[in-house]
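Bear in mind that the values in this text are calculations on the coordinates, not laboratory data. Being a predicted model, the structure only gives us computed values, none of them experimental. Neighbour counts run over all protein chains shown; Cβ positions are idealised from the backbone, glycine included.
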Amino acid sequence: MITFDAVTKAFPGGTVAVDNLSIELPTGQITVFVGPSGCGKTTSLRMINRLIEPTSGTISIDGEDVTKQDAAVLRRKIGYVIQHAGLFPHRTVQDNIATVPLLNGVNKKQARENAVELLGRVGLDASMATRYPAQLSGGQQQRVGVARALAADPPVMLMDEPFSAVDPIVRDGLQKEFLRLQAEVGKTIAFVTHDIDEAIKLGDTVAVFREGGHLAQVGTPQELLDDPADDFVADFVGRDRGFRGLSFVTAEGLEVEPVQTYVDGVRGVRLLLDDAGRPRGWTVNGSDDVRAITGTFTKQDSLRLVTDLAISSPAGVAVRVDGDGVADGAATHASIADHLADARRESAG
Amino acid sequence: MITPVPLFNYFGFLLDPANWGWSDGSIPQRLVEHLGYTVLAVLIAAAIALPIGLLIGHTNRGAFLAINIGNAGRALPTFGLLSLMVVLMGTGLVPALIALVVLAVPPILASTYAGIRAVDRSAVDAAVGMGMRPTEVLFRAEVPMALPLIMSGLRSSTLQVCATATVAAYVGLGGLGRFLIDGLARNQYDQVFAGAVLVAALAIALDLAGAGLERAVVSPGVRQRGSARRGRRRGARSTDTSTQEAPTASTAG
Ligand SMILES: Nc1ncnc2c1ncn2[C@@H]1O[C@H](COP(=O)(O)OP(=O)(O)O)[C@@H](O)[C@H]1O
Ligand SMILES: [Mg+2]
């Protein structure tokens, strides 16, 4: 657990970047610092590994005050990932990844073997090991940056906007793999971003910062969406927070209607299934034109996906499939609304 | 009266086998002397300029003073400085070396400082953040990234010293300058010509050696020319990329 206790940072010249911050970052979880630019997120993060020293207050990791430890020794136990990866251009990918093990005196052969194995875990091919950073794309560099931070298997990771500099599609892939990786490694992670969507997607806990280094609210993503503490937070999480809240409700227990060649009498829409019972598409008014199915959902998917499918299908329903892809139900707008109301009641009660 | 020398005679001295043996005043001996002055002066200059350049580059303190003193040194005419040294210290190797070192320091100092300052700040931030101590940051991160510029400073310094080391002959020392002075004094223009050609040839050989050294010590990841282009081509050829993006166009640093 990382604990900030009444931490303040005033830079020479008078800027108070962080003002009396007290927060706990639970062990094994991702805590996201989010907020507009210049509100003290990076400063807070960099005080954890002493790249910046607090003006007052204490930061401790598992009860140990970070300022009481040798800075270099402390940092080698804390993974560090930054926006443009900050890879060493003169070192190959494998030697970049091996940086901290080599500082710790691990022999070169061993360190390189571990590095190549880590490449696989961040979704890169082992053949990249002997390339130089300039020969990688931005997204690949970022993966190497994550592998480098993981190399010495530190219990704590600090990540400062690690996915901000890549394009949205690549970012989405990086975020998904990051969550998959975290499920395996279970690090205590402090993650900085200015992107509320990223915060909601990745955070177990989200801390919303506001100008002047104040903490506006701390909570789970759902708590922030359901119950923003004030107008600033409400504004920051956005007007469509109701819709975004659907991400946290699964389709488990959602009422569905039987699906067999579902017909919407009013619009004359018909669901076509193949011989195995898998959905193929829709026909409208008996025409031969088949409109491809836009997607299906399973019980594990979020209500956000189900809603999206229902809205975009010509029949106003979302088709559920089982593990084999066989259609086994159809969810209507009405059943989605009912399910949502149930879920709200449950989480409130 | 100056007697015009027939054209073929320009090569007379250079092509005379008698001058290529190992004897007092022969071409090989003068070459070795010249090479000796040059290497000695550059080594001393590097021993002075590299640590200072690294220090002011790493700390970013005292840069203004150091660079300006260095440039003032560059503006001093070497021959004038040498004459002054001889007046103060008499003739010999030391005054000649001092004059050459003063000439050799500024390019090394300026390029070392500039090389360290030009290092990608985010890579240095990562180095510190991962737990490198100050000397590790300097020697494992900053110096390897600055090495292309540091090497180019050493090479241009070597070229200048090689060309200027001819002045050693004026204070009674050897080196290829002897052919210029003695040749002029005796109207033996083929000897003057030989001296000039040999200085140029030695300079070229030293620069080639410098290029070889640079290849050996500079990481392919930060090599200046062509490295980004090479990287892009390799990136485009590879089929194992897990994402569809184009590789970044520029090398960091
Ligand atoms: N080294 C510094 N010296 C002076 N002011 C700084 C320094 N670093 C950051 N600041 C100021 O502190 C405030 C918070 O910065 P930062 O923590 O980088 O914000 P964020 O990461 O949330 O964008 C900003 O007003 C910034 O200008
Ligand atoms: Mg920041």
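Figures for the structure shown
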| item | result |
| --- | --- |
| Label point distance in nm, A:ALA337-B:PHE11, each placed 7 Å from Cα along Cα→Cβ | 10.2 nm |
| Relative contact order (%) - criterion: Cα under 8 Å, at least six apart; region: the stretch B:26-237 | 25 percent |
| Pairwise Cα inverse-distance average, inverted: Kirkwood Rh of the stretch B:51-110 (Å) | 12.3 Å |
| Shape category assigned to the stretch A:1-134 from the gyration tensor of Cα positions, a/c cut at 1.5 | prolate |
| Centroid-to-centroid separation of the stretch A:66-141 and the stretch B:169-211 [C-alpha atoms, Å] | 52 Å |
| Qualifying trypsin sites (Lys or Arg not before Pro) for the stretch B:50-152 [loop in DSSP, other Cβ within 10 Å: at most 13] | B:ARG61 |
| The stretch A:259-348 - Rg (one decimal) and Dmax (whole number), Cα, Å | 13.6, 48 |
| Computed P(r) (all Cα pairs; chain A; 10 Å bins; percent) | 5, 21, 24, 22, 16, 9, 3, 0 |
| CD proxy at 222 nm, helix term only [per DSSP H run n ≥ 4: -39500 (n - 2.57); per residue of chain A; nearest 500] | -10000 deg cm²/dmol |
| Aspartates and glutamates with Cα under 14 Å of A:LYS109, excluding same-chain neighbours fewer than 8 positions away | A:ASP95, A:GLU117 |
| Peptides ranked, highest mean first, by Cβ atoms within 10 Å: ranges A:329-341, B:36-48, A:59-71, A:198-210 | A:198-210, B:36-48, A:329-341, A:59-71 |
| FRET efficiency for B:ARG186 and B:VAL87, using Cβ-Cβ distance with R0 set to 25 Å, rounded to 0.05 | 0.40 |
| Square roots of 5 times each gyration tensor eigenvalue, C-alpha, the stretch B:14-94, largest first, Å | 36, 17, 10 |
| Partners for A:LYS187 among lysines (Cα-Cα distance below 24 Å; same-chain residues under 8 apart left out) | A:LYS41, A:LYS68, A:LYS77, A:LYS176, A:LYS201 |
| Projected area, mean over directions - the stretch B:56-207, Cα convex hull, nm² | 10.6 nm² |
| Cα principal axis extents for the protein assembly as shown, largest first, Å | 121, 64, 42 |
| Relative contact order computed over chain A (Cα-Cα under 8 Å; 6+ residues apart), in percent | 16 percent |
